[in-house]
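The structure under discussion appears below in the form of structure tokens.
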Amino acid sequence: SKLVALFEHPLYNIPIPEVTERDKLFVVNPMEKFSLHSSGSDEWVSSSKAETLLPTGKTAYDTYPTWLKFHVGINRYELYPRRDPLLPTLLHDLATQRIVSSVQKSGGTQLKLIMTFPNYGQALFKPMKQTRDQETPIDFFYFSDFERHNAEIAAFHLDRILDFRRIPPVSGRLVNITKEIRDITTDKKLAKTFFISPAGNVCFYGECSYYCSTEHALCGKPDQLEGSMAALLPDKTLAKRRSWRSPWRRSYHKSKKAEWELNPNYCTQVRETPPYDKGHRLLDLIDMTILDFLMGNMDRHHYETFEKFGNDTFLLHLDNGRGFGTHSRDELSILAPLQQCCSIKKSTYLRLQLLATQPYRLSDLLREALATDPLAPILAEPHLQALDRRLGKVLVVVGHCLA
């Protein structure tokens, strides 16, 4: 396994700083039992002290469902650890656990569902919109592109191979539209949009600002539909998140350009603006830029952080569905922050160099990681080949900066 060898490499064993109580998202007494409350969110509260010690003699933590252990493990430095023993179980749960509720997620431009499991765990479901071998039409603007379920799955594994670990775990899943969405939804607006197509397939389209109409309905075969299931982060009432507008956000206008596209010295003013004027925020943003360039994602207008950790923490790389849309073109403008600032973390640069060598070739590693997903193959071969080509281009940009 090339992946096992990669994670054994010294560059993947650089220790994170010691995690103190202050650095944990949740401070939990492992001896204290938690009871889960279904309130539409994954709320969990400490139960009375009477239940503190369990009759089994184990700690209460052992009885937590996997999604809760994932939440409890989040800290200032990482969303999940490199050698996370929970990861295989959490991915398996996302792919197999019984779905007890499906409702449409509010906000966003395209249809997404929130699915709940019997243990109150929740996942964000993005349905299949296009086949593996379709490319985004060249005349499409980035802001009207489809969100792809397989891009969400591939982005999670790529983020892990780059050792960022800033995307919540994602698994593919084949969902039964009739039994796992239509028959159990309590969402009246969603329920009104189901129909049987002329071909006898079960379809629905939901309510949203893009692609929610009978012409763009999601149809099963006859009711089986592929999608991505992403583990939800802790409810915002429990762990507030702050949303930051990216300084290199695109204009989202058909003819206007953003300031960074017109001003080659744009990075100078970013460096003088908090929170980019100190700490590692700018370098973290450049990490995210490299991830986006490798998968061809032009749609990174915002990013989020956990409010508890202030400015000294990692960025969450959420919403990656517009990646992996094209393999035949490389969008160099995505690399603007790297090109304009000429800054990169040394550890990131060394890992990128490693991933360009034969024993650790990036395409081979991602192909191996994706082979374990229930919906494999996740990416068409040309997308994997494009990764190696794009990685070469990132290293050329860094080379120009060094020169």
| field | Sole exception among (1) assigned to a helix (DSSP H, G or I); (2) acidic (Asp, Glu); (3) surrounded by fewer than 23 Cβ atoms within 10 Å (Cβ to Cβ) for ASP163, by number | value | (1)
| Does segment 215-234 contain any residue that is touching a Lys or Arg at 6+ places or on another chain (Cβ under 6 Å), open to solvent by 20 Å² or more (accessible area, probe 1.4 Å) and either within 30 Å of ARG390 (Cα to Cα) or outside any helix (DSSP H, G or I) (or both)? | no
| task | Can you work out which of the residues in segment 1-24 that are in contact (Cβ under 8 Å) with a residue 60 or more places away in the chain and of a type in the set (Val, Ile, Thr) is farthest from ARG351 (Cα to Cα)? | result | ILE16
| For residues in segment 129-139 being open to solvent by 50 Å² or more (accessible area, probe 1.4 Å) and modelled with pLDDT of 70 or more, which is nearest to PHE324 (Cα to Cα)? | GLU135
| said: I'd like to know if segment 186-196 contains one or more residues that are farther than 30 Å from TYR77 by Cα, over 20 Å from the mean Cα position of the chain (by Cα) and of a type in the set (Asp, Glu). | reply: yes
| request: Return yes or no: is ILE177 surrounded by fewer than 18 Cβ atoms within 10 Å (Cβ to Cβ) and over 18 Å from the mean Cα position of the chain (by Cα)? | output: no
| request: Pick out the one residue from ASP373, ASP330, ASP319 that is open to solvent by 10 Å² or more (accessible area, probe 1.4 Å), closer than 30 Å to GLU18 by Cα and of a type in the set (Asp, Glu). | output: ASP319
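The values are calculated or read from the model by the stated rules, or taken from the named source; none is laboratory data. Since this is a predicted model, take the numbers as computed values, not measurements. Quick reminder, even Gly has a Cβ in these numbers, built from the backbone with ideal geometry, and neighbours come from all protein chains shown. Each accessible area value is taken on the protein alone, full model and side chains, heavy atoms only, with ligands, DNA and RNA left out. Shrake-Rupley method; radii C 1.70, N 1.55, O 1.52, S 1.80 Å.
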